[in-house]
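See below for the structure under consideration.
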């Protein structure tokens, strides 16, 4: 079953080539894209099942023995992330079928989308620090292209700060990788874990840890490094916004988890309070930024930032409950956030604007959309019995158990403020009557295949939110297994170095 | 040798950051190039410096007979050069596109008018 790990990376590349060659025929390209998305989800489900039943597995590329070759590693956390991210990719592909225009297709939208998926799968499955950096770069470069693909000038204006900040982040990460190699002589994560444990913390290794924290922190949009996110996420086409919202910051959080539980644990325990206070500030300032926003997507972008704070809060706690809660929260958040972005796209279609003040009356015209929004938004806010409630509950409980009262209190306060934001969207867009200044010609009804493609991903994501909310134990058990694997790196090291399977 | 190289790396990185902060698109490209070069220098020097010792093994042997240069750092630098080359090529195209579309080489982010986004699709 090692071929599954290879398939998660090679599969999207094959589909990138297939969609590239079928770019002349729009219908054929659409069919291939959907087939590609579905097969990736199927492969991810298979991977998750295998890992759940037989434990984590690793492959050494080219049969070069670890720690000399490149390792790819699928433990519970990786397999779970692969599953959720590819599911999200399928949703984005289906949504894109309705919105991506001819010129954008000709510019290579679908191939680049598949390469983005290849990059995210690669980051999550990498067992070698430099390989992880390379896949991060694949993700970043494809995101540049997707962000600027379009004709509107605000996209160019927004891409430039995005490019610069992501480049700086990459350079920090690359410096850290170079220094790691110089200090320990190896870049295989299992080998590094052993060597760092043996050597303890020193001035240079603390510097490396901090370089990683800042570099990956920029990508994860933590405080005070998040300012590129609200400036850029509201500009590209909706499918691209939603894909970014679900993938980038969460993959950044994944890398933070991997590095700080596997490599920089033990002797580096003083980093935990730093991450804790960064999380608290991220949660708070993210949601306060959203309070003044009336542009739908900008508001959601600030919420991305605040939710990332929750995830790193779980990491900072460094306990079984904290990390398990954070992993559960990551999965729930990917689903809820992406579905909210898709809903903003549908409301654009119905009302012609993203400005909340000019919208209104959506509850009357499309009650289905209102229900879908209600479920996603209040799951994000943490209202029972939806998925967000279990995520927040586990995290706050873990915080209280670790006696971090201030941070848990902030978590609850931020949940309250998130509810305030979601209620604001509900009031402005769905409940109130449409203001008379909005031109009547902007209104449309939901009909036709285009709108099926828009609604289908939302329905799929909402069903998942409901399932997780009403029956959280499956996801929670996977999260707990993942957390115990993360916090006890011995098993990881043994699987990679002891195994040497082809 | 290493301290000198370290100082040079720092100076080039600082020059790159200074160029990035100018707010002018072409200087930003120059800044990118400088920063990526300095990070490549960093990886290079972390593989330990040596003189005249190519990272090769004699034909009849399986292990190196004496000290050799570290091949791993060369491989890392190659990869990072290629990646940053791709990034900078993209960035140059972005600069050209923004000259055409915004008519300015000193764009100010966030200074856009609140225009109605156009929609694509069926």
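Just so you know, all these numbers are worked out from the coordinates, no wet-lab data involved. The model shown is predicted, which means the values in this text are computed figures rather than measured ones. When we count neighbours, we look across all protein chains shown, and the Cβ atoms used for this are built from the backbone with ideal geometry, even at glycine.
Worth a mention:
- Calculated P(r) tail over 40 Å for the protein assembly as shown, as whole % of Cα pairs: 25
- Here, chain B has an Rg and a Dmax of 21.5, 71 Å when only alpha carbons are counted.
- Using a Förster distance of 30 Å, the FRET efficiency for residue B:7-residue A:268 (Cβ separation, nearest 0.05): 0.60
- Value at 222 nm in deg cm²/dmol, rounded to 500, when DSSP H runs of n ≥ 4 in chain A each add -39,500 (n - 2.57): -25000 deg cm²/dmol
- Normalised convex hull volume, segment A:142-286, alpha-carbon set, Å³ per residue: 105
- The listed peptides A:369-379, A:416-426, ordered by packing as a protection proxy, come out as A:369-379, A:416-426 (highest mean of other Cβ atoms within 10 Å first).
- Inter-chain neighbour count for A:208-218: the average number of beta-carbon atoms from partner chains within 10 Å of each residue's beta-carbon is 0.
- Legend: mean number of C-beta atoms from other chains within 10 angstrom of residue C-beta atoms, peptide A:166-175, equals 6.
- Arranged from fewest to most other beta-carbon atoms within 10 Å of their beta carbon, A:413, A:117 become A:413, A:117.
- Cβ crowding within 10 Å ranks B:18, A:52, A:162 as B:18, A:52, A:162, fewest other Cβ atoms first.
- For segment A:100-123 versus segment A:390-410, the inter-centroid distance based on Cα atoms is 39 Å.
- Cα-based shape type of segment A:87-143, given that a ≥ b ≥ c are square roots of the gyration tensor eigenvalues and the cut on a/c is 1.5: oblate
- Projected label points at residue A:427 and residue A:49, each 7 Å from Cα along the beta carbon direction, are separated by 4.9 nanometres.
- In plain terms, the residue of A:231, A:128 with the fewest other Cβ atoms within 10 Å comes first and the most crowded comes last, giving A:231, A:128.
- Prolate/oblate/rounded label for segment A:324-407 (Cα gyration tensor, a/c 1.5): prolate
- Relative contact order for chain A, counting Cα pairs under 8 Å that sit 6 or more residues apart, in percent: 18
- Once you reduce segment A:177-225 and segment B:32-107 to the center of their Cα atoms, the two points are 20 Å from each other.
- Judged by the gyration tensor of its Cα atoms, with axes a ≥ b ≥ c, segment A:32-184 is oblate; a/c meets the 1.5 cut and b/c is at least as large as a/b.
- Per-residue average of Cβ from other chains inside 10 Å of A:156-162: 6
- For segment B:2-29 versus segment A:1-53, the spacing of their alpha-carbon centroids is 41 Å.
- Modelled spin-label separation between residue A:21 and residue B:50, with each label point placed 7 Å from Cα along the Cα-to-Cβ direction: 4.6 nm.
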